[in-house]
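Shown next, in structure tokens, is the structure this report addresses.
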Amino acid sequence: MQELEIPYTYCNGRLTVEVRLQYPSDIFLVDSLNFRKYKAGENFKFYGGHYDYSPVYIRIIGYGPRYLIVRGKGKYQYRFL
């Protein structure tokens, strides 16, 4: 089974991500530590949650890599602002 590519970017103080959904989905924006926990099936901390509307905007303050995880059926579009 091929692993899906997870979008990521570097946060240099402030970051906004816009996600456009086809169907209700879980959206998680996580740092490197919590991305590793997510991949290991452990509890992890995140910004986001379950959304049944589109577009979704998640805004954070911080530094370092950030990963965008979208769980749900259908395709989605995103952009880091």
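For the stretch 43-55, check the following and say yes or no: at least one residue is part of a strand (DSSP E or B) and modelled with pLDDT under 95. Can you show your working first?
The initial filter retains those residues of the stretch 43-55 that are part of a strand (DSSP E or B), namely 47-51.
Subset that is modelled with pLDDT under 95: none.
No, the stretch 43-55 contains no residue that is part of a strand (DSSP E or B) and modelled with pLDDT under 95.
Output the residues belonging to the stretch 14-47 that are of a type outside the set (Lys, Arg) and over 15 Å from Arg66 (Cβ atoms). So that I can check it myself, show each step before the final result.
Taking the stretch 14-47 and keeping what is of a type outside the set (Lys, Arg), we get 15-19, 21-35, 38, 40-44, 46-47.
If the condition is that a residue be of a type outside the set (Lys, Arg) and over 15 Å from Arg66 (Cβ atoms), then Leu21, Gln22, Tyr23, Pro24, Ser25, Asp26, Ala40, Gly41, Glu42, Asn43 are the ones that fit.
With the structure loaded, tell me whether Asp52 is crowded, with 16+ Cβ neighbours inside 10 Å and free of Cβ contacts under 8 Å to residues at least 40 places away in the same chain or whether it fails that test.
Judged against the criteria, Asp52 is not a match.
Here are Ile6, Ile27, Ile60, Ile69: which of them is part of a loop (DSSP other than H, G, I, E, B), among the β-branched types (Val, Ile, Thr) and surrounded by 12 or more Cβ atoms within 10 Å (Cβ to Cβ)?
Numbers: Ile27 fails: part of a loop (DSSP other than H, G, I, E, B); Ile60 fails: part of a loop (DSSP other than H, G, I, E, B); Ile69 fails: part of a loop (DSSP other than H, G, I, E, B).
Selected residue: Ile6, the only one of Ile6, Ile27, Ile60, Ile69 that is part of a loop (DSSP other than H, G, I, E, B), among the β-branched types (Val, Ile, Thr) and surrounded by 12 or more Cβ atoms within 10 Å (Cβ to Cβ).
Among the numbered criteria (1) out of contact with any Gly (no Cβ under 7 Å at 6 or more places or on another chain); (2) without any contact (Cβ under 8 Å) to a residue 60 or more places away in the chain, which single criterion is violated by Asp26?
In the conditions (1) out of contact with any Gly (no Cβ under 7 Å at 6 or more places or on another chain); (2) without any contact (Cβ under 8 Å) to a residue 60 or more places away in the chain, Asp26 misses (1) alone.
Return the pair list, or none, for Cβ contacts closer than 7 Å from residues in the stretch 58-81 that are over 13 Å from Arg20 (Cα atoms) to residues that are loosely packed, with under 10 Cβ neighbours inside 10 Å, at least 6 apart or on different chains.
Listed by first residue and then by second, the contacts come to Ile61/Gly13; Tyr63/Asn12; Tyr63/Gly13.
The values are calculated or read from the model by the stated rules, or taken from the named source; none is laboratory data. Quick caveat, the model's predicted, so the values are computed rather than measured. Neighbour counts are summed over all protein chains in view; Cβ atoms, including those assigned to glycine, are modelled from backbone coordinates with ideal geometry.
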